[in-house]
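What follows is a single structure, and I will ask about it in a moment.
The values are calculated or read from the model by the stated rules, or taken from the named source; none is laboratory data. Note that the structure is a prediction, hence the values are computed from the model and not measured. Virtual Cβ from ideal backbone geometry, glycine too; neighbours counted across all protein chains shown.
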């Protein structure tokens, strides 16, 4: 991970926000078997996590 000290999200509060985001992403990944996880970032902060799950159906 690259840290830019001049970014708007630097500081002790930013570190806890990053850790919270990592926990949320880890949770999304651990509950997903097939699909995608997409992050939306605004001003250096993760503000949204989208999870798209794919269900594979067996042919009849």
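Out of everything in segment 29-45 that is out of contact with any helix residue (DSSP H, G or I) (no Cβ under 8 Å at 6 or more places or on another chain) and not in a loop (DSSP other than H, G, I, E, B), what residue ends up being surrounded by the most Cβ atoms within 10 Å (Cβ to Cβ)?
The qualifying residue surrounded by the most Cβ atoms within 10 Å (Cβ to Cβ) is 35.
Which pairs have Cβ atoms under 6 Å, sit 6 or more apart or on different chains, and link a residue in segment 5-32 that is within 12 Å of residue 44 (Cβ to Cβ) to one that is surrounded by fewer than 11 Cβ atoms within 10 Å (Cβ to Cβ) and modelled with pLDDT of 90 or more?
8/43
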